[in-house]
Amino acid sequence: MNTPHTFPRRILLAVTGMSPQILTETLYALGVVPGEDAAFIPTEIHLLTTSTGAQEARTALLHPDGGQFHALLADYPQLGKPRFDDSNIHVIRDASGQPLSDIRSPQENASAADTITALMAELTRDPQAALHVSIAGGRKTMGFYLGYAFSLFARPQDELSHILVSVPFESHPDFYFPPATPRRLTTRDNRNIDTADATITLARIPVVRLRHGQPQALLEGQASFGDTVAAIQRSMEPPHLRIELGAQHVVCGGQTVKLAPALVAWLAWWAQQVRQGHGLQHWRSADAEEFLRLYRRVLGPDSDALDKAEIRLKDGMEKEFFEQNNSKLERALKNQLGLAAAPYLLATSGKRPSTRRGLNLPAQAIELLE
């Protein structure tokens, strides 16, 4: 597996409030401070903040006269020239699209969570990119949401960290990184301190990575943070399958799943096997007539799709038909349910060519309404 520093696109993402020095301190720790790990030199930097935090970052970091980001790169050429400009400062917005100056109310916290979730989905979509995320800045809820989103989206090459700055530099408004030529700073209690004495440590944070089990809508940035948490919570609850044939309506554990009519009937056929006490099924023993009866209940008696299925299965279940429908059903459930799909996927027993399949649900967990 490639290590993060070998990826052609390397992204640093940080959240800040009114302390933009979090970004320069993290960049310094990643690329300048010697350590056991190879340096992670970003090719681009993204900052997530409020509207007031964005203005502070523009002034303190990017100002043409004395911007600390430019000063850091000038002092330490090994950091290269990562892309970081105003377009890479992402401002948290409310439900109506207005920028937030702070995050205090429950509604504002929800907007922050959704903004963070969408940005994390976007930045982890490129397989040629490695992402390093710092949760050191901003309000505590922002750091929590960013760390949680990282757990949902992170791939093997992505990293999460917190920056540690020694006292008294960690809270000093004029300290952004240890400059190549040490400077003297004055503390609030009028003590002189030397930047040569500052220590910056990057603490990498191990996390549980849940990306492989997320619904496709989340990975594409189409699901809110709240919806995602609710889906994961549902995956931990006892399973329950409800199928309404005539309405073509399928509900798995409280979440509606959109299936093509043929897959509604196919899932209903598997549910019927459980209700009738049948064990796992091989394609040769599958009852094609029972499936067609259920398909007729889904589509009604007059349907071209039904006619085609009846012609195809006139001599009984067909192996290709059996396997294709199983694959389509599994793919649809995983895409829409993610981790919560597990109880509704077909169990497998045996090896080819004698593989048998079946739903591993108790009969009392199934409602089949014809």
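Which residues, taken from the range 143-158, are touching a residue at least 60 places away in the same chain (Cβ under 8 Å) and surrounded by 21 or more Cβ atoms within 10 Å (Cβ to Cβ)?
Listed by number, the residues that qualify are Tyr145, Leu146, Ala149, Leu152, Phe153, Asp158.
Give the residue that is nearest to Phe177 (Cα to Cα), with candidates limited to residues of the range 56-92 that are assigned to a helix (DSSP H, G or I) and touching a strand residue (DSSP E or B) at 6+ places or on another chain (Cβ under 9 Å).
Phe69
Can you find a residue in the range 230-252 that is closer than 30 Å to Ser111 by Cα, at pLDDT 90 or above, in contact with a His (Cβ under 9 Å, 6 or more places away or on another chain) and not assigned by TED's automatic domain parsing to the domain that holds Ala129?
yes
Would a scan of the range 102-111 turn up a residue that is hydroxyl-bearing (Ser, Thr, Tyr), part of a helix (DSSP H, G or I) and either surrounded by 13 or more Cβ atoms within 10 Å (Cβ to Cβ) or within 25 Å of the chain's Cα centre (by Cα) (or both)?
Looking through the range 102-111, at least one residue is hydroxyl-bearing (Ser, Thr, Tyr), part of a helix (DSSP H, G or I) and either surrounded by 13 or more Cβ atoms within 10 Å (Cβ to Cβ) or within 25 Å of the chain's Cα centre (by Cα) (or both).
Considering only strands (runs of 3 or more DSSP E) fully contained in the range 278-370, which possess at least 2 residues that are within 20 Å of Lys258 (Cα to Cα) and under 35 Å from the mean Cα position of the chain (by Cα)?
Correct list: 366-369.
Yes or no, residue by residue, for (1) of a type in the set (S, T, N, Q); (2) touching a residue at least 40 places away in the same chain (Cβ under 8 Å); (3) under 25 Å from Lys319 (Cβ atoms); (4) surrounded by fewer than 22 Cβ atoms within 10 Å (Cβ to Cβ):
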| position | (1), (2), (3), (4) |
| --- | --- |
| Ala265 | no, no, yes, no |
| Val274 | no, yes, yes, yes |
| Glu289 | no, no, yes, yes |
| Tyr295 | no, no, yes, no |
| Leu299 | no, no, yes, yes |
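The values are calculated or read from the model by the stated rules, or taken from the named source; none is laboratory data. Note that the structure is a prediction, hence the values are computed from the model and not measured. Please note: Cβ atoms are built from the backbone with ideal geometry, for glycine as well, and neighbour counts cover all protein chains shown.
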